[in-house]
Amino acid sequence: MSQHHITLVIGNVNDRSRTKVLAQALADALSAALPIQLTVLEIAALTPVIGVTSNPQELAPAGRLAVQAIENADLVVAVSPVYKGSYSGLFKHLFDLVSPDALVDRPVLLAANGGSDRHALVVDHQLRPLFSFFRALTVPSAVYASEADFDGYTLKDGPLRARIAEAVGQAVQLLRARRASGQPLRAVA
Ligand SMILES: Cc1cc2nc3c(=O)[nH]c(=O)nc-3n(C[C@H](O)[C@H](O)[C@H](O)COP(=O)(O)O)c2cc1C
């Protein structure tokens with residue numbers, strides 16, 4: 001079976017990052033379920049590349065490739081730290097460069113990582129509306145992690161792992177349905 005192109009966008013600002021650990025757990029679960037080709041975009045590394053422009057035509061080649069990897073993916077996995085009750089501004093800046101029509105009907109798996117459970121609905125109240133703008137097919141089950149789900153920078157066993165499995169199962173169904181419907185795979189640049 002041919003591979004599914006998955007682009008994982010990680011909104012981490014620091015290299016040592018629980019958001020990255022959560023994103024890796026999602027990537028591992030997807031790769032256990034499907035043959036995948038994974039492109040990882042880390043905001044910490046990308047921000048100097050995408051700079052302050054609002055015009056994708058002005059991007060340097062590396063920035064353009066990053067935007068294309070989002071626009072051409074079969075599945076986008078969007079994982080942000082929670083900053084001030086929302087996704088981070090740098091994470092949003094990357095999606096501001098994505099064409100408004102590029103993600104129509106595209107499966108998108110949403111996840112966030114915050115300091116506490118106080119902002120657990122950030123995925124449904126902040127991230128999901130962003131992808132509603134793009135008319136994407138967001139995976140119904142939201143994934144939210146907080147410090148209590150980690151032992152340092154290691155994900156603990158517990159309900160979060162079950163939620164990851166649930167969300168990944170839904171993403172896999174969406175990917176298979178898209179392929180069965182005969183929609184062509186889009187080449188990742
Ligand atoms: C500027 C800033 C704002 C934050 N705002 C929130 C918040 O509103 N709600 C929350 O639960 N955690 C908040 N946090 C905590 C982070 O979400 C948490 O530390 C998270 O693990 C950071 O991700 P990282 O480990 O990938 O850096 C904030 C942290 C920073 C630095």
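Read-outs throughout are calculated quantities, based only on the coordinates presented, and are distinct from any laboratory measurement. This is a predicted model, so every value here is computed, not measured. Positions of Cβ are generated from backbone atoms using ideal geometry, with glycine treated the same way; all protein chains shown enter the neighbour counts.
List of remarks:
- Kirkwood-based shape ratio for the stretch 1-40, expressed as Rg/Rh from alpha carbons: 1.03
- Fraction of beta bridges assigned by DSSP in the chain that are antiparallel (%, nearest 5): 10 percent
- A cut-off of 5 Å between modelled amide H atoms, ignoring neighbours fewer than 5 places along the same chain, links SER88 with TYR83.
- Cross-link partners of LYS92 among lysines, defined as those whose alpha carbon lies under 22 angstrom from its own and excluding same-chain residues fewer than eight positions apart: LYS20, LYS84.
- Diffusion constant of the chain at 20 °C, which comes from Stokes-Einstein with the Kirkwood Cα-pair radius and 1.002 mPa s, µm²/s: 130 µm²/s
- Length added when fully stretched, VAL52-PHE133, from 0.36 nm per residue minus Cα-Cα: 27.0 nm
- Approximating the spin labels as points 7 Å out from Cα along Cα→Cβ, the SER181-to-ALA60 distance works out to 3.8 nm.
- Note on PHE150 and ASP101: the model spin-label points, each 7 Å out from Cα along the C-beta direction, lie 4.1 nm apart.
- Sum of side-chain charges, GLN170 neighbourhood, beta-carbon under 12 Å (Lys, Arg +1; Asp, Glu -1): +1
- Long-range amide H partners of LEU137 with built H, under 5 Å: ASP105, ARG106, VAL108
- Between amide H atoms placed 1.01 Å from N, distances below 5 Å from THR39 occur with ILE6, THR7, LEU8, all of them 5 or more places distant or on a separate chain.
- The spacing between the stretch 108-122 and the stretch 25-45, judged by their C-alpha centroids, is 19 Å.
- Between the listed residues ALA148, GLY169, PRO159, the Cα displaced farthest toward the positive end of the dipole of the stretch 134-175, a dipole computed from Cβ unit charges relative to the Cα centre, is found at GLY169.
- Considering helices alone, the calculated mean residue ellipticity of the chain at 222 nm is -11500 deg cm²/dmol, with DSSP H runs of length four and up weighted by -39500 (n - 2.57) and normalised per residue.
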